[in-house]
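Quick note: the coordinates plus some simple rules give every number you see, no bench work behind them. No experiment lies behind these values; they were computed from the predicted model shown. Positions of Cβ are generated from backbone atoms using ideal geometry, with glycine treated the same way; all protein chains shown enter the neighbour counts.
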Amino acid sequence: MPTQMHQWIRTSKRTPGIFIFGLVLAPCGLLLDLIATVAPNWRTLNTISAKPSDFYLEQGIWDMCQASGSSQNVLCNQPDVIYFQNRIIPIAQGLMVASLIVTLIGLGTAIPGVRCWRDHPNWVVAGIGGLIIFLSGVLTIIPIAWYTSIFQNITSTTTSSDIRIGYCIVLGYIGGIFEVLGGIVMVVGMCRCCNGKNRGETHVMETTAHFRHTKPPPRVRRVEVPSISRTRSTASSIPYSQDSIAEEVDFPRAKTTSYGGRKPAYDADL
């Protein structure tokens, strides 16, 4: 039939691997971005003048904390007007919050499109969700990369000769890359490529041709085996004949003696 030329069928009812990959990376990236947003450790100031050698200051985009290597006490909410007036700080705050919101929107769009409980997912809806997740990763990487490129030149009330990158930058990079990769993989499902392998589909004509050229299994020939009835043989391995067994064998009786003219009460048979 001519309509079969454009028909595709799925070889499995399981969730496509590209959606599993995207739906695993996106929540992981969301969690890492959340930590990078709220944690006050985008950079660390060490070797501060008029302070002990183990004293250091942690600066984030929302808060600032001071701590010491010899003490476990951490004091946050440290005032630093000059630091928070840098142009990168409000931009990073807005982009990181926007990235978290966009990631949630992307997951909310992609999950109904995947529809693990249906035979055929909605590829367009799931692909749009992947595109939104991809944009959320880009929104994360932009402020992280910008802050990394100028972290030595960001002004602050506290001056230090030893400025280091904090762990929030590392977590932000990893989270953004996770979201970008997960979004790209899910977008790939919007278009059928690699002969339908990205969707786990195969062409109807290929399936028909496969069964057409497949040789039928060989027929099993049934062979009837004649039953052999055995008759019992009258031959016996015992040397004596069967008639001699049926005969009554009489043994000679022992002689008896009467006492006092009385007959014995019984005869003893040997």
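Structural remarks
- Rounded, prolate or oblate (a/c below 1.5 giving rounded, otherwise prolate when a/b exceeds b/c) for region 15-209 by Cα gyration tensor: prolate
- Residues whose amide H falls under 5 Å from that of Phe55, counting only those 5 or more places apart or on a different chain, are Gly69, with hydrogens built in the peptide plane.
- Among Thr103, Thr140, the order by Cβ neighbours within 10 angstrom, fewest to most, reads Thr103, Thr140.
- For region 82-94, 3J(HN,Hα) per residue [Karplus equation, 6.51 cos²θ - 1.76 cosθ + 1.60, θ = phi - 60°, Hz, x = Gly/Pro]: 5, 5, 6, 8, 5, 4, 5, 5, x, 5, 5, 4, x
- Full-extension gain in nm, Ile150 to Phe84, via 0.36 nm per residue minus C-alpha separation: 22.3 nm
- Per-residue 3J(HN,Hα) values for region 159-168, derived from phi via the Karplus relation 6.51 cos²θ - 1.76 cosθ + 1.60 with θ = phi - 60°, read 9, 8, 9, 10, 10, 10, 6, x, 6, 5 Hz in sequence order (x marks Gly and Pro).
- Across region 32-46, coupling constants 3J(HN,Hα) worked out from phi with the 6.51/-1.76/1.60 Karplus curve, θ = phi - 60°, read 5, 5, 5, 5, 5, 6, 8, 6, x, 8, 7, 8, 10, 9, 10 Hz, and Gly and Pro carry x.
- Per-peptide average of other Cβ atoms within 10 Å, ordering 87-100, 62-75 highest first: 87-100, 62-75
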